[in-house]
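Report on the following structure.
Nothing in this text is a laboratory measurement; each read-out follows from the coordinates by a stated rule. None of the values given here were measured: they were computed from a predicted structure. Methodologically, a virtual Cβ is constructed for each residue, glycine included, from the backbone with ideal geometry; neighbour enumeration extends over all protein chains shown.
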Amino acid sequence: MPHIIAPSLLAADFANMQRDVELVNESEADWFHIDIMDGVFVPNISYGMPVLKAIAKHATKPLDVHLMIVDPDRYIKTFADLGSEILTVHYEACTHLHRTVQAIKENGMKAGVALNPHTPVEVLRDILADLDLVLIMSVNPGFGGQKFINRTYQKLNRLSTMRREMNAKCLIEVDGGVGLNNSQQLTAHGADALVAGSAIFRATSPLDVISELKVS
């Protein structure tokens, strides 16, 4: 299966969000990646429900929503109502992860779990079979434009092996410092979906970068 490209709107021009959403609509990208930050779980605030609602109004591709917030359970139904197709929560933010994953699915969304760079993939062994997606953070979450952490490749290898051994069906997604310089290595190490922000939206031709990422 060809790998998935999910442009991160955190790197888009917030003053021209509709324009950048329509750019992704017209591109070869597969999903919109949308980061929701609360300033508590991560030291930054991105955008909330009203902006997501506006994005959903114009987006013609699935919304891959990544919650970098504390107590995500409070908002699961809200994000479902706003049109999220995939909802990813952080392992580090969930006291009762299995309950959270089930609630996401009960609200009609695919369930993802994200891991911070310091969190080993082995913590997901008991729940991997229930997940639709695992998001490996290859930078510390909270800000775009950070340098890629090279140990990510080892984590991808371990997660790919664990998925194969358990016959799990989840996709493996990578977010942080992803670009044309490392996309081939990431997919070679098991990544099914690549989240790219700065590499796309700061490029002279975002459409060309998306096309190159898609075939790399």
Being surrounded by 18 or more Cβ atoms within 10 Å (Cβ to Cβ), among the hydrophobic types (A, V, I, L, M, F, W, C), touching a residue at least 60 places away in the same chain (Cβ under 8 Å) and under 24 Å from Val51 (Cα atoms) is the requirement here; does Ala111 meet it?
no
Go through segment 5-52 and give me each residue that's more than 13 Å from Leu63 (Cβ to Cβ), β-branched (Val, Ile, Thr) and either buried (at least 19 other Cβ atoms within 10 Å of the Cβ) or out of contact with any strand residue (DSSP E or B) (no Cβ under 9 Å at 6 or more places or on another chain) (or both).
Ile5, Val40, Val42
Among the residues of segment 145-179, which ones are in contact with a Gly (Cβ under 8 Å, 6 or more places away or on another chain), touching a residue at least 60 places away in the same chain (Cβ under 8 Å) and surrounded by 22 or more Cβ atoms within 10 Å (Cβ to Cβ)?
Glu173
For segment 198-216, pairs from a residue that is in contact (Cβ under 8 Å) with a residue 60 or more places away in the chain to a residue that is surrounded by fewer than 16 Cβ atoms within 10 Å (Cβ to Cβ) and in a helix (DSSP H, G or I), with Cβ under 8 Å and 6 or more apart or across chains, are Leu207/Glu26
I'd like to verify a number: residues in segment 88-108 that are among the aliphatic types (A, V, I, L, M) and either in contact (Cβ under 8 Å) with a residue 60 or more places away in the chain or in contact with a Gly (Cβ under 7 Å, 6 or more places away or on another chain) (or both), how many?
0
The correct count of residues that are part of a loop (DSSP other than H, G, I, E, B) and hydrophobic (A, V, I, L, M, F, W, C) in segment 105-156 is 7
Among the residues of segment 53-64, write down those that are under 21 Å from Glu173 (Cα atoms), among the aliphatic types (A, V, I, L, M) and not in a loop (DSSP other than H, G, I, E, B).
Leu63
Residue hits (segment 105-120; under 16 Å from the mean Cα position of the chain (by Cα) and farther than 22 Å from Pro62 by Cα) are Asn116, Pro117
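Here is a yes/no grid of residues against (1) within 22 Å of His118 (Cβ to Cβ); (2) of a type in the set (Ser, Thr, Tyr):
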residue	(1), (2)
Ile45	no, no
Met49	no, no
Leu52	no, no
Leu67	yes, no
Tyr75	no, yes
Asp81	no, no
Ser84	no, yes
Ala93	yes, no
Tally of residues being closer than 13 Å to Val195 by Cβ and touching a His at 6+ places or on another chain (Cβ under 9 Å) across segment 1-29:
5
Only listed residue being touching a residue at least 24 places away in the same chain (Cβ under 8 Å), assigned to a helix (DSSP H, G or I) and of a type in the set (Asp, Glu), chosen from Glu28, Glu22:
Glu22
Filtering segment 62-86 down to residues that are of a type outside the set (Asp, Glu) and touching a Pro at 6+ places or on another chain (Cβ under 8 Å), which residue is surrounded by the most Cβ atoms within 10 Å (Cβ to Cβ)?
Met68
